[in-house]
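Below: one structure in structure tokens.
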Amino acid sequence: DAGVHSKAWYAATCDRKTAEDALYRSNKDGSFLIRKSSGQDSRQPYTLVVFYNRRVYNIPVRFIESTRQYALGREKSGEERFDSVAEIVENHQRTSLVLIDSQNNTKDSTKLKHIVRVS
């Protein structure tokens, strides 16, 4: 269990568009939620959706089978790994999360500040 089910920031049945719309409506930098990933892939069970600078970022949450841990984004050397998705959220409420815009090749960072609930 990833530690997501009782959390205010977990939007279980929310699709990508619904999540993005909710974050655009919040219009606050650092607004976020976690949703189930669109594809039914056990290696990427969740997506962290973050609003920053009038943009919405969808960051894959990967499940690492060998260590039974979670990590964000594409696999990279020296990446941070966490024992639960809840730990990822708690960590990035304290430390900044790097947001990479692959289209414009820019980097930003923000902390996870505002929980967005999808109605």
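The values are calculated or read from the model by the stated rules, or taken from the named source; none is laboratory data. Since we're looking at a predicted model, the values are computed, not measured. Ideal geometry is used to build each Cβ from the backbone, glycine not excepted, and the neighbour counts take in all protein chains shown. Each accessible area value is taken on the protein alone, full model and side chains, heavy atoms only, with ligands, DNA and RNA left out. Shrake-Rupley method; radii C 1.70, N 1.55, O 1.52, S 1.80 Å.
Rounded to whole Hz and in sequence order, give me ³J(HN,Hα) for the range 60-73 from the Karplus expression 6.51 cos²θ - 1.76 cosθ + 1.60, θ = phi - 60°, writing x for Gly and Pro.
These are the phi-based 3J(HN,Hα) values: x, 9, 8, 9, 9, 4, 4, 10, 6, 10, 10, 8, 9, x Hz.
Averaging sequence separations of C-alpha pairs under 8 Å and six or more residues apart, then dividing by the length of the chain, give the relative contact order as a whole percent. Could the numbers behind the result be given before it?
On the way: 225 pairs, mean separation 31.3, N = 119.
Taking the mean separation of contacting Cα pairs over the length of the chain, I get 26 percent.
Then there's this: Which order do ASP101, ASP15 take when ranked by solvent-accessible area (1.4 Å probe, heavy atoms of all protein chains), largest first?
Of ASP101, ASP15, the descending order of accessible area is ASP15, ASP101.
Shifting gears a bit: Among VAL61, THR110, PHE82, whose Cα sits farthest toward the positive end of the charge dipole of the chain (+1 at Cβ of Lys/Arg, -1 at Cβ of Asp/Glu, about the Cα centre)?
It is THR110.
Across the chain, where is the longest run that never hits GluC sites (Glu not before Pro) in a DSSP loop with at most 10 other C-beta atoms within 10 Å?
Of all site-free stretches, the longest is 1-64.
Each residue of the range 40-57 in turn: what ³J(HN,Hα) in whole Hz from Karplus with 6.51, -1.76, 1.60 and θ = phi - 60°, glycine and Pro shown as x?
Karplus-based 3J(HN,Hα) across the range 40-57 equals 7, 10, 5, 7, 9, x, 10, 10, 8, 10, 10, 9, 7, 6, 6, 10, 10, 10 Hz.
Carbon and sulfur atoms: what percent of the 1.4 Å accessible area of the chain do they account for?
42
Please report the Cα spread of the range 16-115 along all three principal axes, rounded to whole Å, starting with the longest.
For the range 16-115, the Cα extents along the three principal axes come out at 38, 27, 26 Å.
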